[in-house]
Amino acid sequence: MIRVLFLTLYPETMPSSRLRVYQYLPYLSRFGIEATVSPVLPEPWFSRFYYTSSKWSRLCQHTAEAIANLARIYKSRRYDLIFVQKGILPTNLRGFDRLLKWANPRLIFDLDDAVYGRNIVEFSSPLFRPLQDPDQTKKLSSSAAAVVAGNHYLRDLALQYNRNVFLIPTPVDTDRFCPRPEDSQNGRKEVIIGWIGVSPGLEYVRSLEKVFQELSRKYRIRLKIITRPGKEVLTFEGVNVELKNWTYESEVSEMQEFDIGIMPLPDDEWTRGKCGLKLLQYMALGIPSVASRVGANLEIIEEGVNGFLAQEPAEWIEKLSRLIESRELRQKMGEAGREKAVANYSLEKMAPRLAEVFKKASQK
């Protein structure tokens, strides 16, 4: 039995930690992996409370977190491996990373975003820091027993500092994400174009405003957006926009209404590190996709087979129009996408690969 302590960025309610760690746990136990999870960031509501609390309350919280982190370091000595998600480490205890390395040198660094030089902490709590310093990233990567990378771009970055880098894309639970019943679309004349994600990603959807306005003049479409509850408002003049609050319980049934999934992104260092989970979820649901030509999208989308790639507005309009006009094309691409998701990106495929990383790292 290999005992692994997972230091996740968030609790299970947040997508990054849920998808990179929590959904693996039932599978890992089959391979002799005993997992314990310890989030280093609280729920987002706590961060809001933190900024509205008094200085005395903040001091108490700093003290409590310092004690908790010391407990994590002490506890880490009882484990065979420490899995650090995104390389996010607390700062309220100076030298936490060095103490953790001293307590247990068998660290595994999980990299599923281009965290180099970017603040990815949602509420920027002073209790924690992202891995913004490239030197710190290099130090943690080079000293880790292994690095797990979510796509080829991140793998190539990590290989500069560590020879033991394993490519493991973020998997999709293909038993949970299943195509909708065939008769669920009966009687509906409009085509639903859908997007799901956290609210900061809405800026990418807004970049397609003119695309959706042009499509709305030609076709009966609805733009369905699924995101976490909040104050976000997305309106495009002349476009039927439906904004749905994300919940774990409803996400699959809400996404099953999509006829077409989209993943617009600019081309920069941050987006090149994206692992394309939206596309994998669309594909697992049997939904064809249109996505920007960047990062993992280029690996996942087979042009004209399970979806389309687009960059300029005219190309988005042309590719989306082809799917809107042909239900048969949507069905054909959706089936191809489902087949690829099950064969290459399912939990059943990825869990043994992650377990093998743990076995190799524990033997170093």
Of the residues in region 202-254 that are over 21 Å from L323 (Cβ atoms) and acidic (D, E), the one that is farthest from the chain's Cα centre (by Cα) is E237
Practice task
For region 114-133, indicate whether the set of residues that are under 16 Å from the mean Cα position of the chain (by Cα), modelled with pLDDT of 50 or more and under 24 Å from E299 (Cα atoms) is non-empty.
Solution key: yes
In region 319-330, residues that are part of a helix (DSSP H, G or I) and surrounded by fewer than 14 Cβ atoms within 10 Å (Cβ to Cβ) total 3
Considering region 256-274, residues that are out of contact with any Ser or Thr (no Cβ under 9 Å at 6 or more places or on another chain) and surrounded by 24 or more Cβ atoms within 10 Å (Cβ to Cβ), and then whichever is nearest to G286 (Cα to Cα), we arrive at F258
So, first residue in the same structural domain as L19 (by TED's automatic domain parsing) and part of a loop (DSSP other than H, G, I, E, B) in region 147-167, second residue surrounded by fewer than 18 Cβ atoms within 10 Å (Cβ to Cβ) and among the polar types (S, T, N, Q), Cβ within less than 7 Å, six or more apart or across chains; the pairs are Y161/S142; N162/S142
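Per-residue answers, yes or no, for (1) out of contact with any helix residue (DSSP H, G or I) (no Cβ under 6 Å at 6 or more places or on another chain); (2) under 28 Å from M14 (Cα atoms); (3) acidic (D, E):
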site	(1), (2), (3)
V191	no, no, no
W195	no, yes, no
V198	yes, yes, no
L202	yes, yes, no
R206	yes, yes, no
Q213	yes, no, no
K224	yes, yes, no
T235	yes, yes, no
Here the qualifying pairs (Cβ atoms under 7 Å; residues six or more apart or on different chains; first in region 253-264 and more than 15 Å from G334 (Cα to Cα); second not polar (S, T, N, Q)) come out as E254/I226; E254/K244; M263/K278; M263/L279; M263/A291; P264/Y204; P264/V205; P264/L208
Given (1) modelled with pLDDT of 70 or more; (2) at positive phi, G95 misses just (1)
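Residues are listed down the side, and each one gets a yes or a no for (1) in a loop (DSSP other than H, G, I, E, B); (2) among the hydrophobic types (A, V, I, L, M, F, W, C); (3) at pLDDT below 90:
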{"site": "F212", "(1), (2), (3)": "no, yes, no"}
{"site": "K244", "(1), (2), (3)": "no, no, no"}
{"site": "E254", "(1), (2), (3)": "no, no, no"}
{"site": "G261", "(1), (2), (3)": "no, no, no"}
{"site": "I287", "(1), (2), (3)": "yes, yes, no"}
{"site": "W316", "(1), (2), (3)": "no, yes, no"}
| request: Could you check, for region 270-278, whether at least one of its residues is in contact (Cβ under 8 Å) with a residue 12 or more places away in the chain, over 20 Å from the mean Cα position of the chain (by Cα) and within 16 Å of P169 (Cβ to Cβ)? | output: no
Within region 214-233, the residues that are out of contact with any strand residue (DSSP E or B) (no Cβ under 6 Å at 6 or more places or on another chain), outside any loop (DSSP other than H, G, I, E, B) and modelled with pLDDT of 95 or more are E214, S216, R217, K218
Going through (1) in contact with a Cys (Cβ under 7 Å, 6 or more places away or on another chain); (2) surrounded by fewer than 17 Cβ atoms within 10 Å (Cβ to Cβ); (3) β-branched (V, I, T) one by one, T170 fails only at (2)
Over region 175-196, the set of residues in a loop (DSSP other than H, G, I, E, B) and at pLDDT 90 or above is D175, R176, F177, C178, P179, E190
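The values are calculated or read from the model by the stated rules, or taken from the named source; none is laboratory data. Just so you know, these numbers come straight off a predicted model, no measurement behind them. Neighbour counts are summed over all protein chains in view; Cβ atoms, including those assigned to glycine, are modelled from backbone coordinates with ideal geometry.
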